[in-house]
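A.B. asks: Pasting in a structure now, in structure tokens, and then I'll have a few things to ask.
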Amino acid sequence: MFGRQIPGYDHADAMLTGVETRTSSPIRIRRGADYQSINTERLYPAGEGAGYAGGILSAAVDGIKVAEAVALSILAAAG
């Protein structure tokens, strides 16, 4: 739908697409060095909604870091 409204939004060679909702979270879901929630196993809080970013770019970067942590966790489990 966005691709029809905004030319190039869904371009085939896009690596990352993020939508800014103009919302923020007054809380932070605490996480450990492995990016997992400290009190809920296998929950990876990320981005602005979890309190780890202040805008769309920092939320995207945080999401990449969390995705890398999830991938490392999967590789370690496959071991």
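A.B. asks: Compute, for residue 73, the solvent-accessible surface of its heavy atoms (probe 1.4 Å) with the complete set of protein chains present, and express it in square angstrom to the nearest 10.
C.D. replies: So the heavy atoms of residue 73 present about 50 Å² to solvent.
A.B. asks: Now, a different point. 5 Å is the cut-off here: which amide hydrogens, built 1.01 Å from N in the peptide plane, fall below it relative to residue 31, excluding neighbours closer than 5 in sequence?
C.D. replies: Residues meeting the amide H criterion: 38.
The values are calculated or read from the model by the stated rules, or taken from the named source; none is laboratory data. Please read all numbers here as calculations on a predicted model, not as lab measurements. For accessibility, only protein heavy atoms count, side chains too; no ligands or nucleic acids. Shrake-Rupley method; radii C 1.70, N 1.55, O 1.52, S 1.80 Å.
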